[in-house]
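A.B. asks: Dumping the structure here so I can ask a few things about it.
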Amino acid sequence: MNFKFNCCLLLISIIFLGCSNEKSIKEKEINIEELTISDIHKSYQDKTFNSEQLVSTYLERIENFDSTLNAITVVNPQALKIAKELDEEYQRTGILRPLHGIPLIVKDNINTEGLPTTAGSLALQNYIPEEDAFIIKKLVEAGAIIIAKSNMAEWAFSPLHSESSTAGTTRNPYNTNYVPAGSSGGTGASIAANFGTIGLGTDTGNSIRGPSSHNALVGFRTSLGLVSRSAIVPLYLRNDVVGPMCRSVEDATKVLEVIAGIDPKDPLTTYSEGKTPTDYTQFLKKDALKGSRIGVLRALSDDNPHPEINQLFNNALVQLDSLGASVIDSVIVPDFQNLRQNQWCATFRTDVETFLSDYVKNDSLKTIEDIIKVGSKSDFARERLIRNAAHNGRWEDSDIPCLDTYTDIRRVAFREAIENMMDSLQLDAIVYPSWNNPPAPIDQFQEEYNGDNSQIISPHTGQPAFTVPMGYTSKNLPAGLQFLGRMYDEPVLIGLTYSYEQGTKHRKSPEIK
């Protein structure tokens, strides 16, 4: 056999092996269950898979399983194209942006260029924003890929369940006979089910932390003023927050790091000037609970809890102790029962009509009455629309002005009472169950809506409150532990929740059929 023939054989063998190897990599199934941002970026660096392959795998999972959950409203038709462009950028520069090639699921009340933003309503079903909301711009600049938008309770009215006129009802992936809570239930169910890597929800009273608790997720309600709410369909803007819903504290922290910042279109964010660290991930410390002081607010945790949730909460207190925290039981906020009253103000009319004027700009859709004329498929939403059309002020005492968390006398008094108590006991945080009850059956959500602790403090005082998984009931229904901190104490809460999460590892994937 001559030399030239040998070389040809060798070359053919190399080409064949190379093609086979490339084929095997392409055909290798990507296991997307519980993938984190760090996992994905390491795989990009190791060339295990690229962004285009990852997005394709997530889209396939949505197609295979969302018929069971009904969590997704629309898939981004540009997702694969964007992923390919990010892959090409990385090949060219060798640099990964903070969220480079990370699939993101966005709640359907946040403006996204070229994708419908309906807030679950018939009135907005044809509204397609011409530009991204401020926080979406920041996430896209950081390299995130909007893979899909998620279902929600119509107009964000319901903390109980996630039913919309545009997409129907979302189910809990851990047990589809139960609710995922509301109003960000679509994000909660989809991130829990591994339809995307990171998610966004909004929270007026419960709507990040409730669905996160019900879906074994980490949910951050941050200090009012830390993150912009502009170009987001409001419920009560004075309470509204947008924030991360993720499978890990680390991922939620990386999302927060990107979206925090001052937005001229949201004046409340000016209060955060000088209070936003450039690096939130530095606070991800496994031993953060060591030497910490954690107060137990029995006024909430002991308010008629379900026996299984009560047991999980008491187990969590033991775990906090074993991880090095000093648990100070039965802390008392002076005048708590009085201060928690008369906090809610119905500002839906003013806030939504402003949104319609600023963003939707449709002459036939300017008022709540116009929205009511269009109609709704949801009895619950229809009733809430009529109620909010008739009421625009403080629910209990209309003589007290409805102001923001920094100037409203009721809100300031409530926050000062809590923070003064925390100072007097040198507490780092207060804990209680995010819900005192498990998720309600999907066909009895109104009758069995009990134990929602998220509505009581944080939306009114403006304080940050984070929920993390604390276990499951006998019906495989998740429960969440909530940490409440002082204003702008996100760094402290990041450390405490990360330490608890890493020390307990309660999060597990649902088994979806």
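The values are calculated or read from the model by the stated rules, or taken from the named source; none is laboratory data. Note that the coordinates shown come from a computational prediction; the quantities given were computed from them, not determined experimentally. Methodologically, a virtual Cβ is constructed for each residue, glycine included, from the backbone with ideal geometry; neighbour enumeration extends over all protein chains shown. Ligands, DNA and RNA are stripped out before the accessible areas are found, and what is left, the full protein with its side chains, is counted by its heavy atoms. Shrake-Rupley method; radii C 1.70, N 1.55, O 1.52, S 1.80 Å.
A.B. asks: When you scan segment 454-487, how many residues do you find that are among the hydroxyl-bearing types (Ser, Thr, Tyr), touching a Phe, Trp or Tyr at 6+ places or on another chain (Cβ under 9 Å) and open to solvent by 30 Å² or more (accessible area, probe 1.4 Å)? Please lay out each step first, then the result.
C.D. replies: Start the filter on segment 454-487 by keeping residues that are among the hydroxyl-bearing types (Ser, Thr, Tyr), which leaves 454, 458, 461, 467, 472-474.
From the residues that got through so far, the ones that are touching a Phe, Trp or Tyr at 6+ places or on another chain (Cβ under 9 Å) too are 454, 461, 467, 472.
Imposing the further condition that a residue be open to solvent by 30 Å² or more (accessible area, probe 1.4 Å) reduces the set to 472.
Count: 1.
A.B. asks: Right, something else. So is LEU59 among the aliphatic types (A, V, I, L, M) and within 15 Å of THR197 (Cα to Cα) or not? Can you show your working first?
C.D. replies: Working: among the aliphatic types (A, V, I, L, M): yes; within 15 Å of THR197 (Cα to Cα): yes.
So LEU59 fits the description; yes.
A.B. asks: To continue, here is another question. Among ASN76, ASN70, which is the only one that is surrounded by 18 or more Cβ atoms within 10 Å (Cβ to Cβ) and at positive phi? Before you say what the answer is, go through the steps one by one.
C.D. replies: Numbers: ASN76 fails: at positive phi.
Exactly one of ASN76, ASN70 is surrounded by 18 or more Cβ atoms within 10 Å (Cβ to Cβ) and at positive phi, namely ASN70.
A.B. asks: For ILE456, are the conditions met, namely being part of a loop (DSSP other than H, G, I, E, B), under 28 Å from THR269 (Cβ atoms) and either in contact (Cβ under 8 Å) with a residue 40 or more places away in the chain or of a type in the set (A, V, I, L, M, F, W, C) (or both)?
C.D. replies: Details: part of a loop (DSSP other than H, G, I, E, B): yes; under 28 Å from THR269 (Cβ atoms): yes; either in contact (Cβ under 8 Å) with a residue 40 or more places away in the chain or of a type in the set (A, V, I, L, M, F, W, C) (or both): yes.
Answer is yes for this residue.
A.B. asks: Follow-up. So which helices (runs of 4 or more DSSP H) stay within segment 323-410 end to end and still have 3 or more residues that are among the β-branched types (Val, Ile, Thr) and touching a Leu at 6+ places or on another chain (Cβ under 7 Å)?
C.D. replies: 368-374
A.B. asks: Okay, next question. Among all residue pairs at least 6 apart or on different chains, which show Cβ distances below 9 Å where the first residue, located in segment 136-162, is more than 13 Å from GLY196 (Cβ to Cβ) and modelled with pLDDT of 95 or more and the second is open to solvent by less than 10 Å² (accessible area, probe 1.4 Å) and aromatic (Phe, Trp, Tyr)?
C.D. replies: TRP155/PHE348; PHE157/PHE348
A.B. asks: Within segment 189-202, is even one residue farther than 15 Å from ARG247 by Cα, within 16 Å of the chain's Cα centre (by Cα) and at pLDDT 95 or above? Even if it seems obvious, please write down each step before you answer.
C.D. replies: Kept after step one, since they are farther than 15 Å from ARG247 by Cα, are these residues of segment 189-202: 202.
Now restrict to residues that are within 16 Å of the chain's Cα centre (by Cα): 202.
From the residues that got through so far, the ones that are at pLDDT 95 or above too are 202.
The answer is yes; a qualifying residue exists.
A.B. asks: With (1) open to solvent by 10 Å² or more (accessible area, probe 1.4 Å); (2) over 18 Å from ASN194 (Cα atoms) as the list, and THR176 as the residue in question, which single condition is left unmet?
C.D. replies: Every listed condition holds for THR176 apart from (2).
A.B. asks: Only one residue in ASP279, ASP358, ASP379, ASP303 is of a type in the set (Asp, Glu), over 30 Å from TRP155 (Cβ atoms) and open to solvent by 30 Å² or more (accessible area, probe 1.4 Å). Which one?
C.D. replies: Going through ASP279, ASP358, ASP379, ASP303 in turn, the sole match is ASP279.
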